[in-house]
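Note sheet for the following structure.
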Amino acid sequence: GGLFDYVSCPNFFGEILEWTGFAVMTWSPAALAFVAWSAVNLVPRALDHHKWYRNKFPDYPAERKAIIPFIL
């Protein structure tokens, strides 16, 4: 349920969203760098997890995205 209906890795999406909010709130270069590093780390992991789920479970929903609902 929840975001798991739309993406394979909603926990990764939530973490990127959380750090983006922190970066906007503080507007510091360190926080912006942390968001970038988190995204660079988590997006490929989510894509790999999504690929694994699709290969492992033949009935995995085709409309489900990897990390960003309705987009990626």
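The values are calculated or read from the model by the stated rules, or taken from the named source; none is laboratory data. Keep in mind it's a predicted model, so treat the numbers as computed, not measured. Cβ atoms come from the backbone with ideal geometry, glycine included; neighbour counts cover every protein chain shown. Surface accessibility is based on the protein's heavy atoms, side chains included, excluding ligands, DNA and RNA. Shrake-Rupley method; radii C 1.70, N 1.55, O 1.52, S 1.80 Å.
Annotations for the structure displayed:
- Neighbours of residue 69 by Cβ distance under 13 Å: Lys/Arg scored +1, Asp/Glu scored -1, total 0.
- Tilt relative to the chain, helix 10-26 - C-alpha long axis, 0 to 90 degrees, to 10: 10
- In Å², nearest 10: area of residue 47 left accessible to a 1.4 Å probe: 80
- Relative contact order [Cα under 8 Å, 6+ residues apart], the chain, whole percent: 48
- Sparse-neighbourhood loop sites, GluC sites (Glu not before Pro) in the chain - DSSP loop, at most 12 other Cβ within 10 angstrom: 63
- Per residue, the chain exposes 70 Å² of accessible surface when a 1.4 Å probe is rolled over the protein heavy atoms with every protein chain present.
- Across the protein chains, with a 1.4 Å probe defining accessible surface, the residues 72, 17 rank 17, 72 from largest area downward.
- Pairs of C-alpha atoms in the chain farther apart than 17 Å represent 45 percent of all such pairs.
- Principal-axis tilt of helix 29-56 within the chain, Cα atoms, nearest 10 degrees: 0
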